[in-house]
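The values are calculated or read from the model by the stated rules, or taken from the named source; none is laboratory data. What you see is a predicted model, and the numbers here were worked out from it, not measured in a lab. When we count neighbours, we look across all protein chains shown, and the Cβ atoms used for this are built from the backbone with ideal geometry, even at glycine. All accessible areas refer to the heavy atoms of the entire protein, side chains included, with ligands and DNA or RNA removed. Shrake-Rupley method; radii C 1.70, N 1.55, O 1.52, S 1.80 Å.
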Amino acid sequence: MKRSFFKLIAGLLKLVGSFVSVIIMAVFNGTLGFLLSISITAFGGLAIVEFITGIEYISYPILFTIIICCGVGRGLLRYVEQYSNHYIAFKILAILRSKIFKQLRKLSPSKLEAKNKGEIISMIQADIETLEVFYAHTISPFLIAICTSITVLLFIGFTTSWYFSLAALVAYLVIGGVIPVIYYLRNKKDGKDYRLKLGRFEDFYLDSIYGSYEIISGNKQATRLETLDKKSEDLINTTREIENKNTSFRNITNYVIIILNVLYILVGGLLIKNNIIDSPYIILAFITFTSSFGSVVALANLPGNLTMTFASGNRVLDLLEEKPLVPEPQNSQKFDYDSLEVNHVEFKYDDEIILKDVSFKVGKNEIVGLLGPSGSGKSTILKLLMKFYEPNKGTIKYNGIDLKNIGSKDLYENINLFSQSTFLFAGTIKENLIIANPEATDAEIIEACKNASIYDYIKALPEGLETKITDLKDNLSSGEKQRLGLARVFLKKPKLLLLDEATANIDAINEGVILNALKKHKDNMAIIIISHRRSTLSICDRLYEIKDGKINA
């Protein structure tokens, strides 16, 4: 999504929410801290003025005491300012992660299938961490620079000359406005390119890990490593190029500050020559002016980081503002599965027609099979039943209720999808099983494992259900993984079970074990099995054949 600079800022600022009071405290302490820092040199300048003019405004002991107090106060206020900024930043980053995970849940699985895993991980980790720069080092420094500059301008105007104050304003606008804007406009694409390359690199790296077996089997380790090195070198070069530009920018800023100081002296000389101000007081104004650049320079240095930050902000906001393919209904209708009716459903992906006028019914405690070759649309039907997509034409009804009026939560309480491969998390066997039913007792877990014909295997392990999946490593076969997945199904106790080629990647013995276990539980659930093998569907009460997107009973 293309959004303007101001729209991006507005989107990021909306996330601040209830932390406005903390930002105000940070800005107040930061401004006061900078003014105390400026006061150190300003009171030193006053001492010089007193020495030149012979007029004592404040005694030297009191002046030195004030300078020491300003130094101590500056340190304390700086601490409070930084603490406030980072408190806001880390709180918002935690909220952002929560929002992103909720959004990923809404978008999955249909919208996430087209996204690279590496880019998602890069967003959750790198992009959110990068936004810390905006919340901790951009919002309050920007406001502090404005408040500090206004205070200094008023001080110079009242103590010396408003002409001198106007000259200082021009200098502030050049350092804190003109130069940063030019830098940002010229280099704003760098951050976007870097984030894109980082996401692709992480995706390639993850693929290399997950596909290590295939890489080794094909003897492609050297080729893969060479490609990985090239991508890594490209990422490093991009980072180095951005850092070089940032260094050049900082150097240019320092040179411009020196030039502006010289010009400021010349302006002061003209004011003295025209008897607008007395020469001793120009010293006080000049010292105050030169020592006030701290906050403006902090503002000037922001674009170097903001090119990255805004690229990350755009990616995060793009995700948070993305709409799911299938919207949730305003008022979801609850149901307790009794029947399924698919009526004249048509579905196309982009311009390719996948399903044409598909109709079938599934009652309670029935096993229904969908037979067809790969690419015939079998899996698409299950995705439609799971509400991953919406049909272009026709209706899908559970208990006579249109699927459009059923929310995902209510739908998933009734149905369960069992795919060709079971994913096991890095926890114990028990932790992997109770994902399906966190309230399950040990007796229920054991019963589910027995029903899935996996209990004898688990019981033989030294730690039984408490065995860590990572400890099993490659000792867990595809069939055993699928039977653990089936145990999850029995723990959840769905009213309708959808099997998406669930036995395609296992041997005939394990397939027979799983099918027999399902057949025994026919009285507890309705089952839809899709397969390209007719033998797999031998347990079905009714069989539908799919060919060219059409269904035949």
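Here is how the numbers come out for the structure above:
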read-out: Simple Cβ-charge dipole of the chain, Lys/Arg +1 and Asp/Glu -1, about Cα centre, in debye nearest 20; value: 840 debye
read-out: Options 84, 60, 5, ranked by Cα towards positive dipole end of the stretch 1-160, top entry (Cβ charges); value: 5
read-out: Options 379, 367, 353, ranked by Cα towards positive dipole end of the stretch 347-391, top entry (Cβ charges); value: 367
read-out: The chain, helix-only ellipticity at 222 nm - DSSP H runs n ≥ 4, -39,500 (n - 2.57), divided by all residues, nearest 500; value: -20000 deg cm²/dmol
read-out: Gain in span if fully extended, residue 374 to residue 90, counting 0.36 nm per residue against the direct Cα distance; value: 97.4 nm
read-out: Net length gained if the chain between residue 421 and residue 297 were fully extended (0.36 nm per residue, minus Cα distance); value: 39.0 nm
read-out: Derived scalar couplings ³J(HN,Hα) [the stretch 518-527; Karplus, 6.51 cos²θ - 1.76 cosθ + 1.60; whole Hz; x for Gly, Pro]; value: 5, 4, 5, 9, 4, 6, 9, 7, 8, 9
read-out: Rounded to 10°, Cα long-axis angle of helix 5-14 versus longest principal axis of the chain; value: 70 degrees
read-out: Dimensionless Rg/Rh of the stretch 1-91 - Kirkwood Rh, Rg from C-alpha atoms; value: 1.25
read-out: Calculated Cα extents along the principal axes in Å (choose from (i) 95, 66, 38; (ii) 174, 84, 71; (iii) 109, 54, 52), label; value: (iii)
read-out: Net charge contributed by nearby residues that have their C-beta within less than 11 Å of residue 11 (K/R +1, D/E -1); value: +1
read-out: Per-residue HN-Hα couplings for the stretch 306-313 [Karplus 6.51, -1.76, 1.60; θ = phi - 60°; Hz; x = Gly/Pro]; value: 6, 4, 6, 4, 5, 5, 5, x
read-out: Neighbourhood net charge (13 Å Cβ-Cβ; Lys/Arg +1, Asp/Glu -1) for residue 136; value: -2
read-out: FRET efficiency, residue 338 to residue 10 (Cβ-Cβ, R0 56 Å, nearest 0.05); value: 0.70
read-out: Efficiency of FRET from Cβ geometry, residue 206 and residue 460, R₀ 30 Å, rounded to 0.05; value: 0.35
read-out: Per-pair calculated FRET efficiency, R0 = 60 Å: residue 72 and residue 412 via Cβ, rounded to 0.05; value: 0.50
read-out: Heavy atoms of residue 532 accessible to a 1.4 Å probe, total area in Å² rounded to 10; value: 90 Å²
read-out: Segment residue 83-residue 48, length gained on full extension (0.36 nm per residue, minus Cα span); value: 9.0 nm
read-out: Neighbourhood charge, 11 Å Cβ-Cβ cut-off, centred on residue 212 and excluding it, Lys, Arg +1 and Asp, Glu -1; value: 0
read-out: Inter-part distance where the stretch 371-438 and the stretch 171-242 are each reduced to a Cα centre, Å; value: 37 Å
read-out: The chain: angle of helix 221-273 to the longest principal axis, Cα-based, in degrees nearest 10; value: 20 degrees
read-out: Karplus 3J(HN,Hα) series, Hz, for the stretch 21-26 with 6.51 cos²θ - 1.76 cosθ + 1.60 (x for Gly, Pro); value: 4, 5, 5, 4, 5, 5
read-out: Point-to-point label distance, residue 255-residue 476, nm (Cα→Cβ direction, 7 Å offset); value: 6.2 nm
